[in-house]
Every structure is written in C-alpha cells, then in structure tokens.
1. Ignoring ligands, DNA and RNA, what accessible area per residue does the chain give at 1.4 Å, in Å²?
2. Residue by residue through region 54-65, which ³J(HN,Hα) values in whole Hz follow from phi under the Karplus form 6.51 cos²θ - 1.76 cosθ + 1.60 (θ = phi - 60°), with glycine and proline marked x?
3. Tell me, what % of the accessible area of the chain is carbon and sulfur with a 1.4 angstrom probe?
4. Given springs between every Cα pair under 10 Å in a Gaussian network model of the chain, which of 116, 83, 54 has the largest fluctuation?
5. Taking 0.36 nm per residue of separation and subtracting the Cα-Cα distance, what length does fully extending residue 131 through residue 210 add?
6. Go through region 6-22 residue by residue and turn each phi into a ³J(HN,Hα) via Karplus (6.51, -1.76, 1.60, θ = phi - 60°); whole Hz please, and just put x for glycine and proline.
7. Can you check how the C-alpha radius of gyration of region 27-166 compares to 2.2 N^0.38 Å, as a plain ratio?
8. In whole Å, how far is the Cα centre of region 46-81 from that of region 171-185?
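The values are calculated or read from the model by the stated rules, or taken from the named source; none is laboratory data. None of the values given here were measured: they were computed from a predicted structure. All accessible areas refer to the heavy atoms of the entire protein, side chains included, with ligands and DNA or RNA removed. Shrake-Rupley method; radii C 1.70, N 1.55, O 1.52, S 1.80 Å.
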Amino acid sequence: VIRLGGSILLLGIFYLLGSWITRRLQTRLSWLIVLSGFLLTSFILMWAAPFDSNDIFDNISHGRILAVYNGNPFRDVAGQFYNDPFTPYTGWPYSPSAYGPLWEDMAGLAAHRAGNGVVENVLAFKALSGLFLFGSVALVALILRKTHPSKALMGVLLVAWNPVILFVTWVDGHNDVALLFWVLAAALCLTSRRYSLAALALLVGALVKYIPILMLPAVGFLAFKEITGLKQRVRFVLTTGL
C-alpha cells in the first residue's frame, strides 16, 4: 500500500509539473517526452494487480459466459458456472451484465483469446481498455490541434498523464475509457459539423455503456442551431434517424 500510494503521489507530482511546463513549451522534444512518459507508465502499471476493484473479473466472467459457455451475459450469471476458475474472483456473481452488447462482444473475444489463465485474462482485458485509452489520447490531440493548436500538448498530457485515468485503466482494468473514446469521437465530429456522425459515435458509445445516449439531445440541439433551412434540417433528421 505504501509503495502504491507513493507511486500515485509521484505520478501526481509529475502530472502537475508536466502541465505547468507544457503551458510554455510546444517543441517536438516536449511531445516526445509526454508520449514516451505515457507509454512507459502504461507499461509499468499494466503489470500491477487490480487493487481496489473486482470489476475486471466480472468483465472476464461475462466474456467467458459468451465465449466459453455460449451463454448470454445479459441473462446468465457467473454464479451458474461455479466450476469456472474466475467465479471465485467475481464481485457480483449473481448479477447479469450492466454494459452494452458491443462491450460484451469485445469481452467475449478477449476471453476467447486469453484462454483459461488468470494472469493472461487480466492482461488481455487491461490491454483492451488500454487500446481505447491510446485512441482517446489521439482524439484529444486531433480535436485540440484543430480547435486550439497551442493547447494540444497540454491537453494530451492532461489525459495521458492523469493518475486517476492511468490507475483505473491500467491497474483496475475498468472499461470507462471505452465510453470516453466514443464521446471524444463525437466531439471530433462536432468540430467539423458532422452532426449525424457525432450522433452515430454516441450511439456506438451507448453500446459500450449507456451514458452517451443522454448526450444525443445536445447533438440535436447543436445541429438545429447551426443548420439553416427546412430541407437541410429534414435531411439531418432522416439521416441521423436512419
């Protein structure tokens, strides 16, 4: 606990120092340091055991229900498969999945590829969430380079070096970053006034976790605010509805 707490404190110090420095520097070396630090920290934290949450084992169990037992994680529960090596690790053995079908399909694929090993599955599910974190960092860079180029590096650091994001993704293996990726994808679409694509990105995000569906009215409001003319608005409604 002391070592982990010290590591998080050290990450926080680097985070604050880096955010202060990137306000003033925009060199290629600065970008290299920020991205290298992100990759190095991600690699180190990936090998840490899940510390304060069993969610990753519930995700693994739901993936195995689909991939190994040909069941339905929205109906079947881990407690039904009491001989499965992951059932003792689950925090909610009698609860069905609370996530969307897209996430469970990805979980099933990860569980299938990882086999029956505990360590292999934990690493596979961390890597799955980590891929979405890499994608989220890239989307932040694209959004800010388009809207506020002078703040792009600082924005990337604020995500890539954030101790909370790094901890929940690489240590505990939470899948929240998969939702974040699609919300950021919608934001990128909005910067180009591609409102139908933004709505589609939020819908895909809702197939991971349901929260992005609450953001769809905001996209509709922005679209009707920017789109002029009855014909263009009708086309937007039909295209987005489809």
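1. Values: 13390 Å² over 242 residues.
That works out to 55 Å² for each residue.
2. Couplings: 9, 4, 5, 6, 5, 5, 4, 4, 5, x, 6, 4 Hz.
3. Values: 9270 of 13390 Å².
Reported share for carbon and sulfur atoms: 69 percent.
4. For the chain, modelled as a Gaussian network with Cα springs under 10 Å, the answer is 83.
5. Numbers: separation 79, 0.36 × 79 = 28.44 nm, distance 2.00 nm.
Between residue 131 and residue 210, full extension yields an extra 26.4 nm.
6. x, 5, 5, 4, 5, 4, x, 5, 4, 4, 5, 5, x, 5, 5, 5, 6
7. Values: Rg = 17.9 Å, N = 140, 2.2 N^0.38 = 14.4 Å.
Dividing the Cα Rg of region 27-166 by 2.2 N^0.38 Å gives 1.24.
8. Here the two parts' Cα centres lie 18 Å apart.
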